[in-house]
Structures are given as C-alpha cells and as structure tokens.
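Take a look at the structure set out below.
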Amino acid sequence: MSDCLFCKIAAGEVPVTPVRRSPDALAFRDINPQAPTHLLVIPTRHYPAVRDARDADGERVLGRLLAFTAEVATDLGLDAGGYRIVTNTGPDAGQSVDHLHLHLLGGRKMRWPPG
C-alpha cells in the first residue's frame with residue numbers, strides 16, 4: 001500500500017536499521033521502546049492486521065513471522081530469561097499502524113496481565 005509506513009519501511013523507502021531481514025519479514029528496533037529489547041517484526045507483504053491473514057498464504061506468513069521472531073530472540077540472547085511476542089489488532093488494542101506487526105519484548109521481567 002502506497003500510504004502504509006511499514007510497507008515503505010519494507011520497501012526501503014523509509015530508512016531503518018534492520019536487526020534481521022528475510023524475504024518474508026523484517027525486524028527493527030521500536031522508536032518508543034517499552035522494554036530494554038523492543039523490536040517490531042513486520043511481514044514484507046501488507047496485511048492490515050492478524051485477522052486479515054486468514055488465507056493459505058496469510059497462514060504461511062503468520063507461521064513464518066512467529067518462527068522468524070523466535071530466531072531474532074535467540075540471536076539477541078533472550079532465550080534464557082524469556083521474552084514476549086505481542087500483536088495488537090484494532091485501535092482498542094493499541095494498533096497504531098494498520099500493517100500486521102509483532103512486538104518482541106525482552107530484557108526485563110514482564111508483568112501479567114499486560115495493559
């Protein structure tokens with residue numbers, strides 16, 4: 001989508017420093033971190049939210065996105081202490097960019113329930 005910030009980031013039109021990139025996904029640091037480690041992981045294909053990735057290709061992307069995020073967490077040394085993977089869907093959940101994305105949070109003890 002031409003007006004989507006994360007599509008522009010995935011296309012290289014808006015610069016970020018990638019932590020890791022694959023043909024399907026991109027991980028980069030959140031500009032407003034909520035934990036010592038806070039990355040955004042986006043699919044390179046546009047889906048507005050997780051609810052929109054229900055076809056066979058969307059399911060493949062969701063699975064790959066989770067696996068990719070776990071690989072990034074391992075690369076960052078988060079496995080021993082643990083980490084949280086979060087996705088928000090819709091404004092009431094806090095989704096501020098209408099492009100499916102995961103938040104990878106780690107480096108501190110997380111509380112429950114969140115938010």
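Just checking, which of L78, L65 is of a type in the set (A, V, I, L, M, F, W, C), out of contact with any Phe, Trp or Tyr (no Cβ under 7 Å at 6 or more places or on another chain), closer than 14 Å to R20 by Cα and surrounded by 15 or more Cβ atoms within 10 Å (Cβ to Cβ)? Talk me through it step by step, then tell me what you get.
Details: L78 fails: closer than 14 Å to R20 by Cα.
Criteria check complete, one pass: L65.
Which numbered condition trips up A35, out of (1) under 23 Å from D3 (Cα atoms); (2) part of a loop (DSSP other than H, G, I, E, B); (3) touching a strand residue (DSSP E or B) at 6+ places or on another chain (Cβ under 8 Å); (4) small (G, A, S)?
For A35, the failing item is (1).
Could you grab me the full set of residues in segment 81-107 that are surrounded by fewer than 14 Cβ atoms within 10 Å (Cβ to Cβ) and either assigned to a strand (DSSP E or B) or of a type outside the set (A, V, I, L, M) (or both)? Working first, answer last.
Residues of segment 81-107 that are surrounded by fewer than 14 Cβ atoms within 10 Å (Cβ to Cβ), as a first pass: 81-82, 90-94, 96.
Residues satisfying the conditions are G81, G82, G90, P91, D92, G94, S96.
If you check every pair at least six apart or on different chains, which have Cβ atoms under 7 Å apart with a residue in segment 29-45 that is more than 14 Å from K8 (Cα to Cα) first and a residue that is aromatic (F, W, Y) and assigned to a strand (DSSP E or B) second?
L39/F28; L40/F28
Among T87, T69, T44, T74, which is more than 13 Å from the chain's Cα centre (by Cα) and among the β-branched types (V, I, T)?
Values: T87 fails: more than 13 Å from the chain's Cα centre (by Cα); T69 fails: more than 13 Å from the chain's Cα centre (by Cα); T44 fails: more than 13 Å from the chain's Cα centre (by Cα).
The unique qualifying residue is T74.
Which numbered condition in (1) touching a Leu at 6+ places or on another chain (Cβ under 9 Å); (2) of a type in the set (A, V, I, L, M); (3) not in a loop (DSSP other than H, G, I, E, B) is the only one that V14 fails?
Answer for V14: the failing condition is (3).
Residue by residue through segment 89-115, note down the ones that are touching a strand residue (DSSP E or B) at 6+ places or on another chain (Cβ under 8 Å) and either free of Cβ contacts under 8 Å to residues at least 12 places away in the same chain or over 20 Å from Y47 (Cα atoms) (or both). Give the steps one after another, and end with the answer.
Our first condition is that a residue be touching a strand residue (DSSP E or B) at 6+ places or on another chain (Cβ under 8 Å); within segment 89-115, this holds for 99-107, 110, 114.
Across segment 89-115, the qualifying residues are L105, G106, G107, M110, P114.
If P18 satisfies all but one of (1) at pLDDT 95 or above; (2) surrounded by 16 or more Cβ atoms within 10 Å (Cβ to Cβ); (3) farther than 27 Å from W112 by Cβ; (4) not polar (S, T, N, Q), what's the number of the condition it fails?
(2)
Residue-wise test of (1) among the charged types (D, E, K, R); (2) modelled with pLDDT of 95 or more; (3) farther than 21 Å from T37 by Cβ.
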residue	(1), (2), (3)
T69	no, yes, no
A73	no, yes, no
D79	yes, yes, no
G94	no, no, no
D98	yes, yes, yes
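The values are calculated or read from the model by the stated rules, or taken from the named source; none is laboratory data. Because the structure is predicted, anything quoted here is derived from the model rather than measured. All Cβ positions, glycine included, derive from the backbone under ideal geometry; neighbour counts span all protein chains shown.
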